[in-house]
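Note sheet for the following structure.
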Amino acid sequence: MKTTKIFLTLGLALFMSIVSFGQTIAGSDHDFSNENWNNTGEICVVCHTPHNAVTGLTAPLWNHEVTTTTFTLYTNTVSPSFDATASQPDGTSKLCLSCHDGTVAMDNFGGQTGGTDFMSGSDKLGTDLSNDHPISFTYDAALATTDGGLFDPTTTNSGIGSTITADLLLANKLQCSSCHDVHNGSGVAKLLVKSNAGSALCLTCHNK
């Protein structure tokens, strides 16, 4: 009986380790450890460093060159139903765009600014964000009331633990990381914070 319990415990531990491994940055789209432009062989170093980090940013110990691009924004001119105030990307979104806008080389990290490997294909958003989901705008109860098609983020459950404001917004703003978990903690395809099956992620905020 004791031996059976030991095997069951070991089996459960192995299962949990497999599950947890599948929910980390290792092996995800943000694992750059095997890229030929990353000669360190490390995963985290492309974005983070323990020493001499870029200062004045919302991300801890940032290690990548930050974009200085002025972007074309998603505004109510593009979509009359957009009731928020558009602004240039800030916070974590600006950090995401420091690869995904295609103007900053992916290998521009650790003080390097002369890199040659740029984002391409569908991962490259470019500098025209007018046809992408709006980011870096304040999403609060007032916006939800004005818009009429959004849930109140201060009271609506995010589906991942608490409210939309607590789980998905940063300083009350919707950012890239509101929908995407850059470290793949959820283990969902496309680095989403939760599954979008049946548009579940979209319908977290959109009252349609």
Of everything in segment 129-151, what is of a type in the set (Asp, Glu) and either in a strand (DSSP E or B) or open to solvent by 50 Å² or more (accessible area, probe 1.4 Å) (or both)? Give them in sequence order. Asp140
Mind checking which pairs have a first residue in segment 146-163 that is more than 15 Å from Ser186 (Cα to Cα) and hydrophobic (A, V, I, L, M, F, W, C) and a second that is assigned to a loop (DSSP other than H, G, I, E, B) and open to solvent by less than 70 Å² (accessible area, probe 1.4 Å), Cβ under 8 Å, 6 or more apart or different chains? Leu150/Tyr139
Have a look at Leu201, Leu168 and point out the one that is under 11 Å from the mean Cα position of the chain (by Cα) and not hydroxyl-bearing (Ser, Thr, Tyr). Leu168
How many residues of segment 121-143 are out of contact with any helix residue (DSSP H, G or I) (no Cβ under 9 Å at 6 or more places or on another chain), touching a residue at least 24 places away in the same chain (Cβ under 8 Å) and not hydroxyl-bearing (Ser, Thr, Tyr)? The answer is 5
Taking only segment 41-70 into account, find how many residues are in a helix (DSSP H, G or I) and either in contact with a Gly (Cβ under 8 Å, 6 or more places away or on another chain) or not hydrophobic (A, V, I, L, M, F, W, C) (or both). 1
Any idea which of (1) within 18 Å of the chain's Cα centre (by Cα); (2) of a type outside the set (Asp, Glu); (3) in a loop (DSSP other than H, G, I, E, B) is the one Thr103 doesn't satisfy? (1)
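Which count do you get for residues in segment 152-208 that are among the aliphatic types (A, V, I, L, M), in contact with a helix residue (DSSP H, G or I) (Cβ under 8 Å, 6 or more places away or on another chain) and in a loop (DSSP other than H, G, I, E, B)?
First, pick out the residues of segment 152-208 that are among the aliphatic types (A, V, I, L, M): 160, 164, 166, 168-171, 174, 182, 188-189, 191-193, 197, 200-201, 203.
Pick out the ones that are also in contact with a helix residue (DSSP H, G or I) (Cβ under 8 Å, 6 or more places away or on another chain) and you get 160, 164, 168-171, 174, 182, 192-193, 201.
In the following step, the residues that additionally are in a loop (DSSP other than H, G, I, E, B) were identified as 160, 169, 171, 182, 193, 201.
Adding up the residues that qualify gives 6.
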By residue number, the members of segment 115-128 that are under 17 Å from Cys176 (Cα atoms), open to solvent by 40 Å² or more (accessible area, probe 1.4 Å), part of a loop (DSSP other than H, G, I, E, B) and not aliphatic (A, V, I, L, M) are Lys124, Thr127
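The values are calculated or read from the model by the stated rules, or taken from the named source; none is laboratory data. In this text the structure is predicted, and so the values were computed from the model without any measurement. Neighbour counts run over all protein chains shown; Cβ positions are idealised from the backbone, glycine included. All accessible areas refer to the heavy atoms of the entire protein, side chains included, with ligands and DNA or RNA removed. Shrake-Rupley method; radii C 1.70, N 1.55, O 1.52, S 1.80 Å.
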